[in-house]
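Read through the structure below, which is laid out as structure tokens, and then see the notes.
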Amino acid sequence: MTAALAIAEPALGASRDAAVWACLDDPDGAEAVRAAAPPRTGAPLISSGGMNTAFDRLERNGPPEVLIVGIAASPDPAGDIRALSERCGKATRIIALGTANDVALYRGLTAAGAADYLVLPLTADALGAALDSAARRIPSAPETPSDQTRVLAVTGAASGAGASTFAVNAAWHLAASCGRRVALVDLDVQFGRSSLSLDLDPSNGMREILENPDRIDSLFIAGALVPARDGLWVLGAEEPLDRPVAVTARAIDRLVEEIAGTAEGIDTVVLDVPRHTAAADPAILRRADTVAIVTELSLAGIRDTVRMCERLSDALEDDAIALIAGKQVERGKGEIAAPEFERGVGRRIAHALPWDAKSLALAGRDGKALAEIAANAPLARAIGVAAEALTGLHPESRRKTLKGLIHHAFRRN
């Protein structure tokens, strides 16, 4: 019998009663798991396939008390561990197994929700000690400050729909009018507009943050944040055009975690995400509580919104996506009515932004937020209402106001 055949696949129903699951990349570890499993938990459920098997079993069964999982074949171990931790909940202790003896990897995995990380080859003594330790504590990730930090990601379904305008002014409103402590992060590191829109210098260190996330900490992030006003900081860059910077889910997870740990006490993060970045890797948005897709009411807007929603559904729950009707096509020149647009995309429009070219031009010229230029303008008010709703601050009593703004935006002569 070969080593690969030493792990017998259990019947599908067996995992319902097993308190310990082991989804191994290395079949030689099966005996160590059997020897180390606590007697009270009964026989462990042991199978091959590593991460893929773990996710597959969680689709069919409730989570176990302990999940031992191989990460050697995972392209993003920390990201996969975070996803497992979120799927299992706080009661499950996750022990990761891998081949790299790397302190940075260990830190990343435990920050993502693993109770421990063991380097192969696996021994019963090492696993037994890890199980004893895990039984005395909850995985670290659910206890980090980042879990109390609200994350709103904003992306566009169409070029020029107003995603960056919404992100900048939503962040400003949350800080200025709601008392939130907000970090605005512009992930368009070469052509981003967030810093420019608020007349700020670009941040230092954005490339290091994205390319070497394991080397950053809250002190590094605090030094990179540029204050825009009381309660609002901006992280943006103007990187050289001949030196592209990759944006990865692992880097964004770490960035949000470290932002939450800064002395500034930041409780809200607004991510301005270029649409090509979001489409290339939807996992970048997995840390967001809500993803606002800003679109335009046009045929192209319908097409691109449908495609973007389908793409993002790979990484997000359906109810995490909110549609915002941004830049309006001039009436009489091809604008699609809101009900027709909603039928076309199969989703409701959550918020509508009446266009205000004059206020936007003045804000752009002076490097100021809309609320500083025209606080009572319909566009500034609509952005404020949407920002509060999307970050969980929208009170029940203001729903009538929201309905009125949507009616105003779509009213026809």
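No lab work stands behind these numbers, since they all come straight from the coordinates. Quantities reported herein were computed from a predicted structural model and do not represent experimental measurements. Please note: Cβ atoms are built from the backbone with ideal geometry, for glycine as well, and neighbour counts cover all protein chains shown.
For segment 59-126, the set of trypsin sites (Lys or Arg not before Pro) satisfying both a DSSP loop assignment and a count of at most 15 other C-beta atoms within 10 Å is given as Lys90. Across the chain, the longest run free of exposed loop sites, meaning GluC sites (Glu not before Pro) lying outside DSSP classes H, G, I, E and B with no more than 10 other Cβ atoms within 10 Å, spans 1-316.
Relative to the dominant Cα principal axis of the chain, helix 378-390 is inclined by about 20°.
Given springs between every Cα pair under 10 Å in a Gaussian network model of the chain, which of Ala263, Ala228, Ala157 has the largest fluctuation? Fluctuation is largest for Ala263. If one takes the longest principal axis of the Cα atoms in the chain, at what angle in degrees, from 0 to 90 and to the nearest 10, does the Cα axis of helix 124-135 lie? The angle comes out at about 50 degrees. A simple spin-label model places the labels of Arg207 and Ala300 3.3 nm from each other, with each point 7 Å out along Cα-to-Cβ.
The charge dipole of the chain, taken about its Cα centre with unit charges on the Cβ atoms of Lys, Arg (+1), Asp and Glu (-1) only, comes to about 1720 debye. Rounded to the nearest 0.05, the FRET efficiency derived from the C-beta distance between Gln190 and Asp56 at R0 = 51 Å is 0.85. Seen against the Cα atoms of the chain and their longest principal axis, helix 103-112 is set at about 70 degrees.
Histogrammed with a bin width of 20 Å, the alpha carbon distances of the chain distribute as 26, 48, 23, 3 percent, first bin at zero. Here the spin labels are modelled as points 7 Å beyond Cα on the Cα-Cβ line, and at Asn101 and Asp319 they lie 4.8 nm apart. In this simple spin-label model, placing a label point 7 Å from the Cα along the Cα-to-Cβ direction at both Cys178 and Val119 gives a separation of 4.5 nm.
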